[in-house]
Amino acid sequence: MKNNSIENIERISIVIRGSVQGVGFRPFVYRVATELGLNGCVLNSQQGVFIEAEGIHNVLTNFLFRLQKETPPRAFIQSLEFSFLDPVGFSSFEIRTSDDTGVKSTILAPDIATCSDCSHEIFDPTNRRYLYPFTNCTNCGPRFTIMESLPYDRVNTSMRDFTMCPECLAEYNDPMNRRFHAQPNACPVCGPHVELWNEKGEIVAQRNDAILLAVEFLRDGKIVAVKGIGGFHLMVDGTNEAAVQTLRKRKRREEKPFAIMAPSLEDVKQLCFVSELEERLLSSPESPIVLLRKCDANSIIAPSVAPRNPSLGVMTPYSPLHHILLHELGIPVVATSGNISDEPICIDEYEALQRLNGIADFFLVHNRKIVRHADDSIVRVMLGRELVLRRARGYAPFPISLSKEASNPILAVGGHMKNTVALALQSNVFISQHIGDLETEQSYEAFQRVITDFTTMYDAHPSLIACDLHPEYLSTKYAHSTSLPVIEVQHHCAHIASCMAENKLDGEVLGVAWDGTGFGTDGTIWGGEFFLGAPRHFQRIATFRPFMLIGGEQAIKEPRRSAFGILYEIFHDNIFHEERIINYLEHTFTKNELRLFYQMASKQIQSPLTSSVGRLFDAVASLIGIRNVVRHEGQAAMELEYSCSSTENKTDYPISFMPNSDENSLLIIDWFAMILGILDDISLAVEQSTIASKFHNTLVEAIILVAKQTKQKRVVLSGGCFQNCILTERVVNRLRDENFSVYWHQRVPPNDGGIALGQAVIANELKK
């Protein structure tokens, strides 16, 4: 038998980096160490979690093994470093005060939805937290939105304003309790509470009475602004058509779908078809809005919640307040961002009272400060995998790891639409929560706040800034307003680099970047691009035949203008004499518009060229009678996708390269024959769904056409067009049939929400 004398005792020193703060990691370490009879300590540091333990070698080895294999559910170990040292004589194992020195590189935990244990307590009449709307434990609750600085300790969160009562403090200090070092720990005696205000800011009710009265107002068709974890929701009865219409009018949101919060998963299944993966996402700690296909049966949901849309964005309650509210209400509610369209979400009750005045009838607020905003994340299932479309609550600021470590911090400021910013710090790129379109002063201010927040949180001093190539983007102008060196990154190259980083791809790929708008190096608007290479150098090898956007940016709002540009490119001066399009022109444009648009096209006045596949979607949607004017971004393309027949049509239209004698020049994909084929089908009264399906198939074949021209077998898909399930699924399946390896986005949006990541990756490759 081995003698456990001091001579046989060793000390192991461990540094664990990753998502290990705010997820119950220190209590977990404490429990494992005490079970094994080890002495030592564990503490949070700026870099992660630091552990020292003393014992005999085989026990320390077992300790190391269990730390990696038995981690808490929300923990993620990115790296673990250890070394064996001489013992120093620890007498017990303890959790020590955090170390706030050194480089800040720990991964912040996103906000976590209410766990099943806490949910049970909330609805247990015998529990002291019965119907308490701020119940949480180590396994759930706010993290990112209450944290003011690192490391993640209560004193560094907005919960420092609330002194724990003896019972809560006893839980907090008990290593065997589920609330051991749960920083937001609170109860009705010592924690935050809710109030219901009227539009003047007067208190109408407090605590549970406030929730019950808010429920009554919702039943009466009133609009209630509800302060949640990362900001305000505007809520209204989702079954009340008149109330939903009122919300649309007040919020100035004409047709863009609203999201629904349903009381339970069972309620969701009454409204939509739910797959196994979709069910897991709805019940996950991230608890995003999931895009689901509506049931065909008569729905209780008001028609104007998601007009002309076969899908419904649905989430389940993810905070105790939402759980209680929806439990008492018993019906789905519209739960849309608490803002006026194009403005950032409100996070402060007094700000909400001012900005949402005239929209909300009542305000359900609480006195726990929201440190930073976090909108609801949006996902859809594609090819049996999760695809994040908006990355915010539950996902941000979880990082993407870099294959090449950033020697100095790099700030990437993203694009103009769906803006996020990113910070490359050592081996990680931390991506901010969704900020939105930089269309208003409020949005630009939010953008600046997030940059300050990110750099301050990590005590980072960027060595350079990466931005988009577009000179008029506010994000680009911000980059150039600083004193730092600027690296401008072409929009579509950033898309491809983003997808490569997410999929941990090194080396060369064939990148396909399709979207609505991206400033090209030639000064034209790109959006149907193919590149060969790696982030350090991408070569544009193919694009789509350009056409004019009549009226420039106005064409984004009016797909008919893109259609006119397409038709002019085909018929030129014969555009008014072509029988196949006379009926379309007469029913789509006034005579004055036709004269004006023809002059603009023929003289190239305010009609920039574009290769955009997004605008090609718009043009086809207009030509086949789906939509001439959009009420929200991407509406025409979305409705074209929805119009495809449910059974996959295998036919397509002709597609080819334009003749080119120079072997080394850019390949131009010619859509000329495709559009003529569409016009022929329209004249033959072919069903809209068939034309839409054939159009999608033709785009798939365009990718196959280019891919076969290259010797590169790895194909990367990025850009907003690949939010389209039909397009992406058909492309992936066809490429796989042709023995290509295909990569697409999952946890990082394919749209411009992923641009900042790609900018950071490329800037890290190009920096001097």
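Checked against a 31 Å cut-off, the cross-linked pairs K249/K650; K477/K557; K504/K767 give Cα-Cα distances beyond that limit for K249/K650.
Pairs from the table (K200/K369; K404/K713; K294/K713) lying more than 27 angstrom apart at Cα are K294/K713.
Relative to the present Cα-Cα distance, how much length would full extension add between I300 and D348 at 0.36 nm per residue of separation? Please report the intermediate quantities before stating the final value.
Details: separation 48, 0.36 × 48 = 17.28 nm, distance 3.29 nm.
Additional length available on full extension: 14.0 nm.
Taking 0.36 nm per residue of separation and subtracting the current Cα-Cα distance, fully stretching the chain between S91 and N574 would add 164.7 nm. Note on E569, E94, E35: ascending count of other Cβ atoms within 10 Å places them as E35, E94, E569, the fewest first.
Against the set (1) 27.9; (2) 35.4; (3) 29.3, the structure's computed Kirkwood radius over Cα pairs in Å falls on (1).
Over segment 620-739, calculate the relative contact order: mean separation of alpha carbon pairs under 8 Å at least 6 apart, over the residue count, as a percent.
On the way: 107 pairs, mean separation 30.7, N = 120.
After rounding, I find 26 percent.
Normalising the average separation of contacting C-alpha pairs (under 8 angstrom, six or more residues apart) by the number of residues puts the relative contact order of the chain at 11 percent. Exposure proxy for H322, H492: other Cβ atoms within 10 Å of each Cβ, ordered fewest to most, give H322, H492.
Counting neighbouring Cβ atoms within 10 Å and putting the fewest first, the residues T482, T651, T135 line up as T651, T482, T135. Segment E279..T34, full-extension length gain: 84.4 nm, with 0.36 nm per residue of separation and the alpha-carbon distance subtracted.
Given a cut-off of under 8 Å on Cα pairs at least six residues apart, what relative contact order in percent is computed for segment 194-378? Could the numbers behind the result be given before it?
Numbers: 377 pairs, mean separation 66.0, N = 185.
Relative CO of segment 194-378 lands at 36 percent.
Read-outs: derived from the displayed coordinates by stated rules, not from any lab. Keep in mind that what you see is a predicted model, and the values were worked out from it rather than measured. Backbone-built Cβ (ideal geometry, glycine too); neighbour counts: all protein chains shown.
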